[in-house]
1. Does residue 43 fit the bill of being touching a residue at least 12 places away in the same chain (Cβ under 8 Å) and either closer than 30 Å to residue 20 by Cα or surrounded by 14 or more Cβ atoms within 10 Å (Cβ to Cβ) (or both)?
2. Could you tell me whether the range 93-116 includes any residue that is at pLDDT 95 or above, under 22 Å from residue 128 (Cα atoms) and out of contact with any strand residue (DSSP E or B) (no Cβ under 9 Å at 6 or more places or on another chain)?
3. If you go through the range 46-64, how many residues are in contact (Cβ under 8 Å) with a residue 12 or more places away in the chain, more than 30 Å from residue 20 (Cβ to Cβ), within 13 Å of the chain's Cα centre (by Cα) and assigned to a strand (DSSP E or B)?
4. Restricting to the range 85-110, name every residue that is in a helix (DSSP H, G or I) and free of Cβ contacts under 8 Å to residues at least 40 places away in the same chain.
5. Quick check on residue 37: is it farther than 30 Å from residue 128 by Cα, surrounded by fewer than 17 Cβ atoms within 10 Å (Cβ to Cβ) and more than 10 Å from the chain's Cα centre (by Cα)?
6. In contact with a helix residue (DSSP H, G or I) (Cβ under 8 Å, 6 or more places away or on another chain), surrounded by 13 or more Cβ atoms within 10 Å (Cβ to Cβ) and more than 17 Å from residue 40 (Cβ to Cβ): does that describe residue 107?
7. Please specify each residue of the range 67-85 satisfying the condition of being closer than 17 Å to residue 45 by Cα and either modelled with pLDDT under 95 or touching a helix residue (DSSP H, G or I) at 6+ places or on another chain (Cβ under 6 Å) (or both).
C-alpha cells in the first residue's frame, strides 16, 4: 500500500492519472495557465467596473464583493437567476463575498466577458431592488 492509493479514500488518483494520460505534462501546464489567465482577466474587469477584489489571483479563484454585504448577496442571487455563469457565496474576513472558480477547460475569453456583463447587470438589479 505504500506506493498505491489508499483504498479507504476516494480514488482521486485515477482521475489524476486519466488527466495526465490524456493531456500530458505540457497539457496540464497549459490548462492551469489558461485557468489562471481567465481568473486574472475576470478579476481585472470586475475591478475596473467598481467591484472589490479580495484576493491575489494566483490560480483560478476570485473573491469579489459589492459595496455592502446585502448588495453582494442580492447581486449573487441575480447572477444565479440569470444563468450565464455560476458562482457561490462565501465569507472573507467577516464580509459576504462572491466566490468565482474558473475551472473548465472549455471556458473562453468571451465567456469571461459575458460573465462580467452579468455581474454588472446583477449589481444594477441588486441596487434597484428593495
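The values are calculated or read from the model by the stated rules, or taken from the named source; none is laboratory data. Small disclaimer: the values here were computed from a predicted structure and weren't measured. Cβ coordinates were reconstructed from backbone atoms using ideal geometry, including for glycine residues, and neighbour counts include every protein chain displayed.
1. On the way: touching a residue at least 12 places away in the same chain (Cβ under 8 Å): yes; either closer than 30 Å to residue 20 by Cα or surrounded by 14 or more Cβ atoms within 10 Å (Cβ to Cβ) (or both): yes.
So residue 43 passes the test.
2. yes
3. Looking only at that region, the number is 1.
4. Start the filter on the range 85-110 by keeping residues that are in a helix (DSSP H, G or I), which leaves 109-110.
Answer for the range 85-110, where residues must be in a helix (DSSP H, G or I) and free of Cβ contacts under 8 Å to residues at least 40 places away in the same chain: just 110.
5. Details: farther than 30 Å from residue 128 by Cα: yes; surrounded by fewer than 17 Cβ atoms within 10 Å (Cβ to Cβ): yes; more than 10 Å from the chain's Cα centre (by Cα): yes.
Yes.
6. Details: in contact with a helix residue (DSSP H, G or I) (Cβ under 8 Å, 6 or more places away or on another chain): yes; surrounded by 13 or more Cβ atoms within 10 Å (Cβ to Cβ): yes; more than 17 Å from residue 40 (Cβ to Cβ): no.
When the stated conditions are applied, residue 107 does not pass them.
7. Of everything in the range 67-85, those that are closer than 17 Å to residue 45 by Cα and either modelled with pLDDT under 95 or touching a helix residue (DSSP H, G or I) at 6+ places or on another chain (Cβ under 6 Å) (or both) turn out to be 75, 79, 84, 85.
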